[in-house]
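Structure, as structure tokens:
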Amino acid sequence: MDLRHLIIIGIALAMDALGVTLSIGLNPRVRRDSKIKYIISFGFFQFLFFFLGGVFGYLFEKYVVAIPNIIGGIAIGIVGIMMFKEGFESEEKDDELLLKKGMPIILGISVSIDALVVGFTASHRACICLLMVLNAVMIGLITLLICTTGFFLCRYIRRLDFVTRYADFLGGIILIIFAIKMIFF
């Protein structure tokens, strides 16, 4: 796999993470340190899953290809429904869903399952382990950069009063749409 193909694959894999990043970034209560955790989580799990897919792809290719989008879609859909529900609750909520400790890991894994599949089908053909590591690092860095850009874009999107007022609703709807896309398309 040449660099051009790797970059295209990295961008395609990062799109789910970007959608989740935008829905998180719309919430004004999510602080910079939480955003950094999400960015690192998304980039790390894209790297890890792509690498694991490459290393173990020849063993699991027949069994895992059909179900990863369903699993990721269900996880993202549940988070989206919970965020949408939070939009109906009062403004004085202490335990915000996106601020919970394990949420960056849960969402990082759920948006990275497709990287596992791509690693299964594409990267395991790279005979040299170092090449697999470099490919996986490139995938993780592309995701990290795209998600960072997404959070910066949310700074400007949040300035719209409508978006700020209904951030939980919008974020929840975006996640539900991504979940439906992952499960059915």
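The values are calculated or read from the model by the stated rules, or taken from the named source; none is laboratory data. Small disclaimer: the values here were computed from a predicted structure and weren't measured. FYI the Cβ positions are ideal-geometry reconstructions off the backbone, even for glycines, and counts take in every protein chain you see.
Do we find that residue 161 is surrounded by 15 or more Cβ atoms within 10 Å (Cβ to Cβ) and modelled with pLDDT under 80 in this structure?
Working: surrounded by 15 or more Cβ atoms within 10 Å (Cβ to Cβ): no; modelled with pLDDT under 80: yes.
In short, no.
Residues checked against (1) assigned to a helix (DSSP H, G or I); (2) surrounded by fewer than 24 Cβ atoms within 10 Å (Cβ to Cβ); (3) of a type in the set (Lys, Arg); (4) over 12 Å from the mean Cα position of the chain (by Cα):
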residue: 12; (1), (2), (3), (4): yes, yes, no, no
residue: 15; (1), (2), (3), (4): yes, yes, no, no
residue: 19; (1), (2), (3), (4): yes, yes, no, no
residue: 24; (1), (2), (3), (4): yes, no, no, no
residue: 27; (1), (2), (3), (4): no, yes, no, yes
residue: 42; (1), (2), (3), (4): yes, no, no, no
residue: 46; (1), (2), (3), (4): yes, no, no, no
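Determine if the range 98-111 includes at least one residue that is closer than 17 Å to residue 5 by Cβ and either surrounded by 14 or more Cβ atoms within 10 Å (Cβ to Cβ) or at pLDDT 75 or above (or both). Reasoning before the result, please.
Filtering the range 98-111 for residues closer than 17 Å to residue 5 by Cβ gives none.
No, that holds for no residue.
How many residues are without any contact (Cβ under 8 Å) to a residue 24 or more places away in the chain and crowded, with 20+ Cβ neighbours inside 10 Å if we restrict to the range 29-40?
0
Picking from 78, 71, which residue would you name as being assigned to a helix (DSSP H, G or I) and modelled with pLDDT of 70 or more? Lay out the reasoning, then the answer.
Values: 71 fails: modelled with pLDDT of 70 or more.
Of 78, 71, the one residue that is assigned to a helix (DSSP H, G or I) and modelled with pLDDT of 70 or more is 78.
Are any residues in the range 119-158 β-branched (Val, Ile, Thr) and at pLDDT 85 or above, and if so, which ones? Full working, then the answer.
To start, the set of residues in the range 119-158 that are β-branched (Val, Ile, Thr) comprises 121, 128, 133, 137, 139, 142-143, 146, 148-149, 157.
Answer for the range 119-158, where residues must be β-branched (Val, Ile, Thr) and at pLDDT 85 or above: 133, 137, 139, 142, 143, 146, 148, 149.
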